[in-house]
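This report refers to the structure that appears directly beneath it.
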Amino acid sequence: MISQYNIVSDYHQLSSEVAGIVSTQIKEHPLSKLCLPTGSTPLGMYEDLVMLELDWRLVITFNLDVYLMNVDHPESYQSYMKKNLFDSINIFPINCHFPFRPTSAFEDKIAGSMGIDLCILGIGTNGHIAFNEPGSSFKSRTRLVDLDEQTIQDNSRFFDSVDDVPKQAITMGLGTIMESKKIVLMANGKHKREILDEAMYGDVTEEIPASILQEHDNVIIFYCD
Ligand code: F6R
């Protein structure tokens, strides 16, 4: 049962609400461990976070996923995070983690940091969270995955052509994400509404990976048209 499903008026409010939650987390717990998304949805949240001028010196971050590609490519998620957040705040680069192989070592890093306090998620039009595509096991851990055809099509807007979209990624697993103490999912746009409602109110099924969130006791959803 999702306890908080907030429909907000616009993208500006979506971004500031979630940035506010991140800000409160960091102010109340300067040693927070955060799990962070990429993609178009969180861009406004990152802008707001930069403007808030928080103290990130003790914060540790784990990104949800990375494409299997050259990390220096402008569309790599490592480049995205530098450009949209890390280069503009006082976080230590050594505290910014991205999924890597061997994936068990990445899992050990999360476990060694005593787990994730706050995980921010987006949702794909096929119901994926991170790059856990439909059919992913609810018990899955960080691993190498093939991207779904739908995800490749959706993400082709960031590349010159669909052929340039990486076909594989390393993603945190659903089991890994579910161990976060608190989860906030943000969704922007009418094209996300149907899958979001299905995930939050429909059957809990591996065919809709985000539906696993119904089984977490501290999830907040923010949606705007
Ligand atoms: C990216 C990620 C993905 C995106 C999802 C939505 O790190 O975890 O699950 O959140 O594909 O992407 P946008 O926001 O571009 O619609």
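The values are calculated or read from the model by the stated rules, or taken from the named source; none is laboratory data. Everything numeric here is computed off the predicted structure, so don't read it as measured data. Please note: Cβ atoms are built from the backbone with ideal geometry, for glycine as well, and neighbour counts cover all protein chains shown.
Out of all the residues in the range 80-136, which are among the aromatic types (F, W, Y) and exposed (fewer than 15 other Cβ atoms within 10 Å of the Cβ)? Spell out how you get there, then give the answer.
The first filter runs over the range 80-136 and keeps only residues among the aromatic types (F, W, Y), leaving 80, 86, 92, 98, 100, 106, 131.
Hits for the range 80-136 are F92, F100.
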Original post:
For the range 58-68, does any single residue satisfy the condition of being farther than 19 Å from M172 by Cα and surrounded by fewer than 21 Cβ atoms within 10 Å (Cβ to Cβ)?
Top reply: yes
Subject >> Selected residue (criterion: surrounded by the fewest Cβ atoms within 10 Å (Cβ to Cβ)) from residues of the range 173-183 that are in a helix (DSSP H, G or I) and within 13 Å of the ligand (Cβ to nearest atom) >> reply: L174
**OP:** State all residues of the range 60-85 that are out of contact with any Pro (no Cβ under 7 Å at 6 or more places or on another chain) and either of a type in the set (D, E, K, R) or more than 14 Å from the ligand (Cβ to nearest atom) (or both); if no residue qualifies, say none.
**Re:** I60, N70, V71, D72, H73, P74, E75, K82, K83
Original post:
Restricting attention to the range 149-159, does a residue exist that is part of a loop (DSSP other than H, G, I, E, B) and either out of contact with any Phe, Trp or Tyr (no Cβ under 7 Å at 6 or more places or on another chain) or surrounded by fewer than 22 Cβ atoms within 10 Å (Cβ to Cβ) (or both)?
Top reply: yes
Subject >> Every residue from the range 1-15 that is loosely packed, with under 14 Cβ neighbours inside 10 Å and in a loop (DSSP other than H, G, I, E, B) >> reply: M1, S3, S9, D10
Original post:
Has the range 204-220 got at least one residue that is surrounded by 15 or more Cβ atoms within 10 Å (Cβ to Cβ), within 17 Å of the chain's Cα centre (by Cα) and part of a strand (DSSP E or B)?
Top reply: yes
Original post:
Do we find that I170 is part of a strand (DSSP E or B) and surrounded by 15 or more Cβ atoms within 10 Å (Cβ to Cβ) in this structure?
Top reply: yes
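Here are L43, L54: which of them is away from the ligand (no atom under 15 Å from the Cβ) and surrounded by fewer than 21 Cβ atoms within 10 Å (Cβ to Cβ)?
Values: L43 fails: away from the ligand (no atom under 15 Å from the Cβ).
Being away from the ligand (no atom under 15 Å from the Cβ) and surrounded by fewer than 21 Cβ atoms within 10 Å (Cβ to Cβ) holds for just one of L43, L54, which is L54.
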Original post:
Restricting attention to the range 188-200, which residues are free of Cβ contacts under 8 Å to residues at least 40 places away in the same chain and either hydroxyl-bearing (S, T, Y) or not in a loop (DSSP other than H, G, I, E, B) (or both)?
Top reply: K190, R193, E194, D197
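Table: residues versus (1) touching a residue at least 24 places away in the same chain (Cβ under 8 Å); (2) among the aliphatic types (A, V, I, L, M).
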| position | (1), (2) |
| --- | --- |
| Y77 | yes, no |
| K83 | no, no |
| F100 | yes, no |
| S113 | yes, no |
| I123 | yes, yes |
| H128 | yes, no |
| E133 | yes, no |
| S136 | yes, no |
| K139 | yes, no |
Subject >> Scope the range 27-41; condition under 13 Å from K182 (Cβ atoms) and of a type outside the set (S, T, Y); matching residues >> reply: E28, H29, K33, L34, C35
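Based on what the data block shows, is M51 among the aliphatic types (A, V, I, L, M), without any contact (Cβ under 8 Å) to a residue 60 or more places away in the chain, touching a strand residue (DSSP E or B) at 6+ places or on another chain (Cβ under 8 Å) and not in a loop (DSSP other than H, G, I, E, B)? Quick ask: steps written out before the conclusion?
Details: among the aliphatic types (A, V, I, L, M): yes; without any contact (Cβ under 8 Å) to a residue 60 or more places away in the chain: yes; touching a strand residue (DSSP E or B) at 6+ places or on another chain (Cβ under 8 Å): no; not in a loop (DSSP other than H, G, I, E, B): yes.
Considered against the rule, which asks whether it is among the aliphatic types (A, V, I, L, M), without any contact (Cβ under 8 Å) to a residue 60 or more places away in the chain, touching a strand residue (DSSP E or B) at 6+ places or on another chain (Cβ under 8 Å) and not in a loop (DSSP other than H, G, I, E, B), M51 comes out as no.
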**OP:** Determine whether D154 is within 11 Å of the ligand (Cβ to nearest atom), among the charged types (D, E, K, R) and at pLDDT 95 or above.
**Re:** yes
